[in-house]
Amino acid sequence: MYANDESSGTVSDLCARVIPCLDVAYGRVVKGTNFKELLDMGNPVELAKLYEQQGADELVFLDIKASVDGQDSALEMVRQVACELSIPFAVGGGIKTLDDVHKFFHAGADKVTLNTMAVEKPALINEISTQYGSQSIVVAVDVNHEIDGNLAIYTHGGSRRVDVDYHQWINEVVDRGCGEILLTAMHKDGTGSGFDTDLLAQFGADFPVQVIASGGAKGPSDFLDAIHAGADAVLAAGLFHRSEYTVGEIKEYLINNNIKVRKTTP
Amino acid sequence: MNILTRRTLSRVAIIDLNSGNLLSLQTAIEAAGCELTTVQKPDRKMLNEFDVLVMPGQGRFAYVMQQINDSGWHDFLLEWVRNGKRLVGICVGMQVLFEGSDEDPEVAGLGLFKGRCHKLQHPKTPMVGWAKLSGLKPSMLAVGSPGESEQHTNKTDTSSEAGFLAQPKRRETRFDAYAYFVNSYAITECPFVTAKINYCNSFCAAVQRGNLYGFQFHPEKSGQFGRELIKHVCQ
């Protein structure tokens, strides 16, 4: 639905989104970033601003609360980000209750992402959706292609396999009112072999919520393939953090390949 | 006359209808160089105290209207507009400027514009994300650059609304008109439309009649274009 030719039938001006993901702990961006000066400053806000300048359509901050447990620094970071950014952003990691959710929204986050708690307490999806609207809740589905050929769902940052059927789980999170699915193919994560286009192709054009593809991006063509396969948005971390590509370069490639994306003046 | 020296700091008030976080909007208005106040209830003095009222709205149409009615804003807003003062409605805050919405058919809107909100027909609803605005009218063209196909018309369009709407160095500071939307309902027809988009149906992204402005999208989340638009309507 994001190709400019409109052969797909549905007339829509909606753009495919490119979303950098920032892992944050103790108020610092963690995990392999090449932006040394920003890392040394321990400043996710500065990195977020850089990505916004590059043309990021949205940002996702992960693990922010898990890392501070009960402290206010995560909320303070969210507040700073909200004051500095003029694009939407989601926060996730360690959200356990509706009260946690409220605090993050109150601090200025646009969306929350749930992973472990979505599985452990799925009613929380309904509660958030009812109170704040489905657009405010992203469910992060970590799926792994097991050796036996099955698709397994994982929680706790990909460390714990849970007894949940993948296809049922996708339907359930939609039924419970999530607005987007952040689909991370764990078997692709870090491999640089591209997003899992087979998984993405299972979501048809009339699937009721947007799907963000995550895991496996190595270069611009991977983003294009994911969108062609059916992703509404594409998320990556390492490729941006290691400065292999800027967000702008990815978007330029998509534009040159006739995909509707938001243009920004550099 | 130099437009920068003529302009005084405009006094802007955000109407807090207890429907969502205001931080981004507050930041954007302050960044635009305006004197900002956030208000819960109307007061006649406001007619002299403020130049611009900004009314963001999130949630159901009925909820936002109830907040407007319960806090006494209904009559005040009508008087505000009657006095030719500037009012800017954002998201559901734009929708309530109209007569009603299919979301809550029994609830009357402010009726400042004729027409009703209809549900989006797209399978992925609410619409969440960025879209390029089209059919930009002069007040939007002051900030957004026209699409390639509309390029040839912009010269005459932009000059027609000089004066207080003009931006210094306007030609250099125009931005690609991509806006961030979060909505399930929208106004599909309005003679005062100033920008449109398609999402299965065509709907009004922005409307304007005199000093009455409506944005269906979130300018405070719409990047540099949105920031400039806020500056444009608040100054």
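Here are some notes:
- With distances taken between every two different alpha-carbon atoms, the stretch A:120-266 has a Kirkwood hydrodynamic radius of 16.1 Å.
- Interface residues of the stretch A:221-266, defined as those with an accessible-area decrease of at least 20 Å² between the chain by itself and the complete set of protein chains (probe 1.4 Å), are A:R262, A:K263, A:T265.
- Carbon/sulfur fraction of accessible area - the stretch B:2-234, other protein chains in place, 1.4 Å, %: 49 percent
- Using a Förster distance of 35 Å, the FRET efficiency for A:R161-A:L98 (Cβ separation, nearest 0.05): 0.80
- Of the residues A:P220, A:I95, A:T265, the one whose Cα sits farthest toward the positive end of the charge dipole of chain A, with +1 on the Cβ of Lys and Arg and -1 on the Cβ of Asp and Glu, is A:T265.
- Only Lys, Arg (+1) and Asp, Glu (-1) charged, at Cβ; the stretch B:2-234 dipole about Cα centre in debye: 600 debye
- Residue order by solvent-accessible surface for A:Y154, B:Y63 is B:Y63, A:Y154, largest first, with ligands and nucleic acids left out and a 1.4 Å probe.
- Solvent exposure of the stretch B:2-234 as accessible area per residue, Å², 1.4 Å probe: 39 Å²
- Shape summary of the stretch A:208-266, radius of gyration then Dmax from alpha carbon positions: 11.2, 34 Å.
- The stretch A:43-62-the stretch A:154-209 distance, computed between alpha-carbon centres (Å): 24 Å
- Accessible area per residue for the stretch A:105-251, computed on protein heavy atoms with a 1.4 Å probe, is 39 Å².
- The Rg/Rh ratio for the protein assembly as shown, using Cα coordinates for both the radius of gyration and the Kirkwood hydrodynamic radius, is 0.96.
- Remark: relative contact order (the stretch B:2-234) = 21 percent; criterion is Cα-Cα distance under 8 angstrom and separation of 6 or more residues.
- A:S221-A:E46 FRET efficiency (beta carbon distance; Förster radius 25 Å; 0.05 resolution): 0.25
- With DNA, RNA and ligands ignored, accessible area of B:S24 (1.4 Å probe; Å², nearest 10): 10 Å²
- DSSP beta bridges in the stretch B:2-234 [antiparallel fraction, %, rounded to 5]: 50 percent
- Each residue, A:E127 and B:E106, gets one label point 7 Å from its Cα in the Cβ direction; the gap between the two is 3.0 nm.
- Estimated FRET transfer efficiency when R0 is 60 angstrom, pair B:E189-A:I147 (beta carbons, to 0.05): 0.55
- Take the accessible area of A alone and of B alone, subtract that of the pair with a 1.4 Å probe, and the total buried over both chains is about 2700 Å².
- Isotropically averaged projected area of the stretch B:2-234, using the convex hull of Cα atoms (one quarter of hull area), nm²: 12.0 nm²
- Listed residue (B:I14, B:Q40, B:H118) projecting farthest to the positive dipole end of the stretch B:2-234, Cβ model: B:I14
- For B:R11, the solvent-accessible surface computed with a 1.4 Å probe is close to 70 Å², ligands and nucleic acids excluded.
The values are calculated or read from the model by the stated rules, or taken from the named source; none is laboratory data. All values derive from a computational prediction rather than experimental measurement. Every residue, glycine among them, receives a Cβ derived from its backbone with ideal geometry; neighbour counts consider all protein chains shown. Areas reflect the complete protein model, heavy atoms only, side chains present, ligands, DNA and RNA absent. Shrake-Rupley method; radii C 1.70, N 1.55, O 1.52, S 1.80 Å.
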